[in-house]
1. Determine the shape class of chain B: with a ≥ b ≥ c the square roots of the Cα gyration tensor eigenvalues, call it rounded for a/c under 1.5, and otherwise prolate if a/b is greater than b/c, oblate otherwise.
2. Return B:GLU162, B:GLU190 ranked ascending by Cβ neighbour count within 10 Å, so the fewest neighbours appear first.
3. Report the semi-axes of the equivalent ellipsoid for the range A:14-159 in whole Å, largest first, where each axis is √(5λ) for an eigenvalue λ of the Cα gyration tensor.
4. Take the alpha-carbon positions of the protein assembly as shown, form their convex hull, and give its projected area averaged over all directions (one quarter of the hull surface) in nm².
5. Applying 1/(1 + (r/R0)^6) with R0 = 22 Å to the Cβ-Cβ distance of B:ALA49 and A:TYR179, what FRET efficiency is obtained, to the nearest 0.05?
6. Can you give the convex hull volume per residue for the Cα atoms of the range B:89-170, as a whole number of Å³?
7. Normalized C-alpha radius of gyration of the range A:163-282, against 2.2 N^0.38 Å?
8. To the nearest whole percent, what portion of all C-alpha pairs in the range B:2-64 is separated by more than 15 angstrom?
Amino acid sequence: MIERWVAFWDRREAPHTLSLVRILVGVALFADLVQAAIFDVIPLVWGPPPLGSGYGQSADPAPLVVRVLGASAGTGTLLWALAVVSCALFTLGVFYRITSWVLVFAMVELGGCQSVGDSIDSLFRILMPVLAASGAGAVWSVDAWFRQRRGKPGLESVPAWPRYLLVVQLLWVYISAGYQRDAKTWGPRGGFAAIGNVLGDPHFARFEPGSLTFLYPFTCVGTLLTMVFELSAPLYLVWLWLELNPGRGGRFGNVVRRARIRWIWLATGVALHSGIALSMKIGLFPFGILALYPAFVRPPELLAALAWARSRLEQRLRWRAA
Amino acid sequence: MRADWRTVRAFGITLVLALGFVAGWPNRIAKLVAPWPKPLAELALKLPALKESILAPFAPVAGRLGIYSEDWPLFAGTGGRRYRLWLEARGRGGRGFTLLYRAHDPDHRYFAGALEYRRILNIYNPHHDWISDAYPDFTTALARRIFREQRRFQEVRLRLEEVTILSDGRGYAPTGRFAYERLVRRAELER
């Protein structure tokens, strides 16, 4: 039993899924950080009082960088710049082993200067060290390109445990969110009004609250779907197991496989988060979660999808040429 | 040697998963178990203390990584009382305040991009019955910036209008009440 457990966490797989997560997470985080510069709020968010609201800079103990450089708006800006540069290098996969940990450090220190954030900040602080310890820089990266140029063989496999942890973490986020939705509005007693209510919240609604009344029934369906989706998150592991073991599960297993329940569950998640991104102004959260979604896709599935897309593209180009 | 490393790693991952599970026990447990039978609810209410004692030895390491919880109460409650930010400023004459920004008001969009940026929004958007610790410093820093850009203003006021979310997706209705009001005077900052 123990040996099987040890062997499970020792599994290896092609690095493409983790690399895709690296790129998407990096792009999402980079865009979020750059917005701070576009809106000119870097000192306002991370600078110490009274110049900014980064009260963590004057806390005891202060973040490491503040202890070294002192509390100032410049320290906040420097940390932000370190995060942006390391995030860009992380995304491109340049010296991945180093830059990924520099990004982890920068994000922790930024969080120390300004501890007010939302759940995606907490989630990224948990998952970035996992990504940094993974082989996510093995392909689709500058490191891989240099390795190839030097005539070294590419990494065909990397440890799979980081991807497994990403999946477990995402499932836990859904489970935790699902069973804590105690407000009536998430259930039939409140008429499944929750999402419709958020769209009426002046701080979160992307469109003028009350202007999309005709869509209200769809928001009720969205609320119901959200609850079903989140509370059924633990079953994802059952759907996955049944897919990986074609002969198991009897008639129920056959139905699950034939109906592609696992993929329906994933598509529901993508649709819900896309809906949130489209209709609510909550920034990084839906994009950050969607950036992690490739972790649900096993590398052979991703490679098969890419091969299919490539062949379709080539076919189309050939038709055009003809 | 390799087998040893594999075992250590599997043990480490198992420990992380177990600690993550404990850290995920809900902080809002009192509210969640209120409708439960009393003996069961009393048992559940012992969880937070148990959780704290289990996590205590690992808290310094988690704290260094900025990891504090695995509890995710996302949009747990919606509707009811919500808020709408008003940013106002007043000149030397002491007459009425000029409205600079108000959420979802196309005519008052001063600094709107920044105020709607999620890292700023999280500072001033009240969560149920509390507002972030950064809010007072934020109002001062924002006022400082407005005074620098607009010489005519002597006072800056931030306040959150309480609104009620209407049923059937009809938006919200103002209540006329304000909360979390902060007034910052130029003279205080230049002292």
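Values in this text are rule-based calculations from the coordinates and carry no lab data. All values derive from a computational prediction rather than experimental measurement. Because the Cβ atoms are built from the backbone with ideal geometry, glycine has one as well, and the counts that use them run over all protein chains shown.
1. prolate
2. B:GLU190, B:GLU162
3. Calculated on Cα positions only, the semi-axes equal 32, 13, 13 Å.
4. Average projection, Cα convex hull of the protein assembly as shown: 31.8 nm².
5. 0.60
6. 128 Å³
7. Relative to the 2.2 N^0.38 Å estimate, the range A:163-282 comes out at 1.22.
8. 62 percent
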